[in-house]
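Here the structure is laid out as structure tokens; the discussion comes afterwards.
Each value in this text was obtained by applying a stated rule to the coordinates, not by laboratory testing. Note that the coordinates shown come from a computational prediction; the quantities given were computed from them, not determined experimentally. Ideal geometry is used to build each Cβ from the backbone, glycine not excepted, and the neighbour counts take in all protein chains shown.
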Amino acid sequence: IWTDVLAYVRKNISEVEYHTWFAPVRLIGVEQGALVLGVRNSFAQEWFRKHYLELLEDALRSLGAEQPQVSFQVLPAAQDALMLPDPPPAPPPVPSNPRSSQRSVPSLPVPPPNLNPKYIFENFVVGPNNNLAHAAALAVAESPGKAYNPLFIYGDVGLGKTHLMHAVGHYMTERYPGKRVEYVSTESFTNDLINAIRDDKMTQFRNRYRSVDLLLVDDIQFLAGKERTQEEFFHTFNALYESHKQIILSSDRPPREIQTLEGRLRSRFEWGLITDIQSPEYETRVAILKMNAEHNRINIPQDVLELIARQVTANIRELEGAMMRVVAFASLNNVPFSRAVAAKALSHVFTPVEIKVEMKDVLRTVAARYNLAAELVRGAGRMREVVVPRQIAMYLIRDLTSHSLPEIGAFFGRDHSTVMHAISKVTDNLGKDAELTLVIDHLKRQLSG
Ligand code: ADP
Ligand code: MG
């Protein structure tokens, strides 16, 4: 049924769209007209809900389902390469007494559910802006409780603090499957405490936070002004510290700048190592985008990634968002990735840049229009199928850029008279051939954004 659904979808959307969105989708389960599909990330999940739900339901209907149902789940990163023809086996029964599971050492390194599977060391791009924090996190992961305790990581929002903390958590659970890792935001620590007080469950609360081998507390700046939570955290900290358990804290500022933080907590935060993460520089931003594109198996040309990295400088979350925006824009408009398309997709959010069309942009766009490899169009082949697109590419380059005839010739490995000939050929045909006129118009619009 899945193959049939895909065939139906493929008939109804463009190839670019199909490859961008449907190629990475995995079937998780199917049951009498109800499909469960695995998608790559929450962005894709949203996207599918908004844009493809109806299409998929139509597909099911066309295959005879009376009440089609489609739902989407985010695949864990490690699983996305797997095809799952059958629904995955049911999870093992949860022991009714949660504490009994602490003692039995799990046979598989199951990541604790509160760690994001994407946030691992392998996916963390190291640059001059974060190499100290990265090295410290790795050192702590390798000898928890011994290297630096606590490790305090600070930096602005969206720069990778949470990612690094989770990475240490994953590393530990993989290496030492019996170890307990607890990741908690300061907010949920506070809420847990409030609930524990209300429900008279302080013993459980303390057991939970004091029996771990690694405690990760995110955004500790939110402790400011919360006296009762500070008090409780102080005791948690001491209990763990004294039994040589590792503590990692993150914050948007260094301890001394957290207002209304008790002195005894502040000084404890300074016992170990304090390290910061700065905004990534251009090269690191490009590297992050590249890794992201590869991770999502989206083929975006280097120069387009470079344009995005130039435009979005503040933080990595925005950088990733910008890339997904470009992907969405190109796929919706059914155009190949180009710098012009990227600039257009980002123009609402960022100051528009004057886009200079480059020769390779033109080549790529023309080649894509004819479903040819760019190198074929640029090459020496004499077949009509490639000669006409080649002439059109030369014509458009002359029209949209300021390159001279010899420069264009050099780009194609030919001399300037060949280029001149190509251009006059296209110009001649423009008046006679309505379809050619349309194609050129369309290509021009695509290229000049
Ligand atoms: P913070 O906790 O500092 O606000 P996050 O850890 O949530 O930031 O990171 C924001 C996003 O940027 C996440 O998707 C994360 O995976 C990504 N990210 C941050 N730093 C890096 C890096 N060095 N390499 C790859 N991705 C990164
Ligand atoms: Mg964070």
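Quick check, is Leu376 surrounded by 16 or more Cβ atoms within 10 Å (Cβ to Cβ) and of a type outside the set (Lys, Arg)?
On the way: surrounded by 16 or more Cβ atoms within 10 Å (Cβ to Cβ): yes; of a type outside the set (Lys, Arg): yes.
For Leu376, the condition - surrounded by 16 or more Cβ atoms within 10 Å (Cβ to Cβ) and of a type outside the set (Lys, Arg) - is met.
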Are there any pairs, at least 6 apart or on different chains, whose C-beta atoms fall under 7 Å, with the first in region 116-130 and among the β-branched types (Val, Ile, Thr) and the second more than 14 Å from ligand 2 (Cβ to nearest atom), and if so, which? Ile120/His170; Val125/Thr284; Val125/Ala287; Val125/Ile288; Val125/Met291; Val126/His134
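Every residue in region 308-324 that is within 16 Å of ligand 2 (Cβ to nearest atom) and in a helix (DSSP H, G or I), please. Explain how you work it out, then say what you get.
Step one: filter region 308-324 for residues within 16 Å of ligand 2 (Cβ to nearest atom), giving 314-321.
Ile316, Arg317, Glu318, Leu319, Glu320, Gly321, listed by residue number.
Going by the structure shown, is Ser71 in contact (Cβ under 8 Å) with a residue 12 or more places away in the chain, closer than 22 Å to Val326 by Cβ and not hydrophobic (A, V, I, L, M, F, W, C)?
Values: in contact (Cβ under 8 Å) with a residue 12 or more places away in the chain: yes; closer than 22 Å to Val326 by Cβ: no; not hydrophobic (A, V, I, L, M, F, W, C): yes.
No, not satisfied.
Within the bounds of region 190-208, is there any residue that is under 31 Å from the mean Cα position of the chain (by Cα), surrounded by 15 or more Cβ atoms within 10 Å (Cβ to Cβ) and in contact (Cβ under 8 Å) with a residue 40 or more places away in the chain? Give the derivation first.
Kept after step one, since they are under 31 Å from the mean Cα position of the chain (by Cα), are these residues of region 190-208: 190-192.
Filter once more, keeping what is surrounded by 15 or more Cβ atoms within 10 Å (Cβ to Cβ): 190, 192.
Next cut, in contact (Cβ under 8 Å) with a residue 40 or more places away in the chain only: none.
No, region 190-208 contains no residue that is under 31 Å from the mean Cα position of the chain (by Cα), surrounded by 15 or more Cβ atoms within 10 Å (Cβ to Cβ) and in contact (Cβ under 8 Å) with a residue 40 or more places away in the chain.
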Criterion violated by Lys179 - all others in (1) within 20 Å of Phe269 (Cα to Cα); (2) outside any helix (DSSP H, G or I) satisfied: (1)
So which residues in region 158-185 are in contact (Cβ under 8 Å) with a residue 40 or more places away in the chain, of a type in the set (Ser, Thr, Tyr) and over 19 Å from Asp252 (Cβ atoms), if there are any at all? Tyr171, Thr173
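Got a sec? Which helices (runs of 4 or more DSSP H) wholly within region 191-307 have at least 3 residues that are within 16 Å of ligand 1 (Cβ to nearest atom)?
In region 191-307, the matching helices (runs of 4 or more DSSP H) lie at 282-295.
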Per-region count, region 327-343, residues touching a Phe, Trp or Tyr at 6+ places or on another chain (Cβ under 7 Å) and more than 13 Å from Ala44 (Cα to Cα): 2
Which condition breaks for Ser188 when tested against (1) assigned to a helix (DSSP H, G or I); (2) within 16 Å of ligand 1 (Cβ to nearest atom); (3) under 20 Å from Pro254 (Cα atoms)? (3)
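Return the residue satisfying two criteria in turn: it lies in region 157-185 and is of a type in the set (Ser, Thr, Tyr) and within 12 Å of ligand 1 (Cβ to nearest atom), and of such residues it is surrounded by the fewest Cβ atoms within 10 Å (Cβ to Cβ).
Residues of region 157-185 that are of a type in the set (Ser, Thr, Tyr), as a first pass: 162, 171, 173, 176, 183, 185.
Those left that are additionally within 12 Å of ligand 1 (Cβ to nearest atom): 162, 183, 185.
On the way: Thr162: 20, Tyr183: 23, Ser185: 17.
Going through the qualifying residues, I end up with Ser185.
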Could you grab me the full set of residues in region 132-156 that are within 27 Å of the chain's Cα centre (by Cα) and either of a type in the set (S, T, N, Q) or assigned to a helix (DSSP H, G or I) (or both)? Leu132, Ala133, His134, Ala135, Ala136, Ala137, Leu138, Ala139, Val140, Ala141, Glu142
